1. Pairs only if they're at least six apart or on different chains, beta carbon under 6 angstrom, first in the range 13-39 and in contact (Cβ under 8 Å) with a residue 40 or more places away in the chain, second open to solvent by 60 Å² or more (accessible area, probe 1.4 Å); list them, first residue then second.
2. If you take the residues of the range 33-54 that are among the charged types (D, E, K, R) and touching a helix residue (DSSP H, G or I) at 6+ places or on another chain (Cβ under 7 Å), which of them is nearest to Ser80 (Cα to Cα)?
3. Among the residues of the range 36-79, write down those that are touching a Phe, Trp or Tyr at 6+ places or on another chain (Cβ under 9 Å) and of a type in the set (Ser, Thr, Tyr).
4. Considering only the range 8-51, state which residues are among the hydrophobic types (A, V, I, L, M, F, W, C) and either touching a His at 6+ places or on another chain (Cβ under 6 Å) or over 21 Å from Gln79 (Cβ atoms) (or both).
5. Within the range 29-75, how many residues turn out to be aromatic (Phe, Trp, Tyr) and under 24 Å from Val18 (Cα atoms)?
Amino acid sequence: MKRAPNRLHALLHSASIVEKRIEALLKNTDTRHRQALILDILEEFGPTAQKHLAARFGVAPGSMSSMGTRLGALGYVSQS
């Protein structure tokens, strides 16, 4: 009996390739994937409150505050 192809294996392999490509693109920015997503959202929609970003990403406001502080220290955002 022939076994059906494992679709999960293909997806995991594809995700690994994409993850490595993203890491390479972000290497010189000192940011991580989530932080790059935040910058992308800010570029698209403009300034917004951290609580709105936290809700959009499904993280606690404190976590978003930490990410915002890091992005501010890197000069990518200003917090007010």
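The values are calculated or read from the model by the stated rules, or taken from the named source; none is laboratory data. This one's a predicted model, so the numbers in the text were calculated from it and none came from an experiment. Cβ sites come from the backbone with ideal geometry, for glycine too, and all protein chains shown count toward neighbours. What goes into the accessible areas is simple: the full protein's heavy atoms, side chains included, and nothing from ligands, DNA or RNA. Shrake-Rupley method; radii C 1.70, N 1.55, O 1.52, S 1.80 Å.
1. Asp30/Leu74
2. Keep residues of the range 33-54 that are among the charged types (D, E, K, R), which gives 34, 40, 43-44, 51.
Next, from what is left, pick out any that are touching a helix residue (DSSP H, G or I) at 6+ places or on another chain (Cβ under 7 Å): 34, 51.
Numbers: Arg34: 21, Lys51: 13 Å.
Once the filter is applied, the top-ranked residue is Lys51.
3. Ser63
4. Within the range 8-51, Leu8, Ala10, Leu11, Leu12, Ala15, Ile17, Val18, Ile22, Ala24, Leu25, Leu26 qualify.
5. 1
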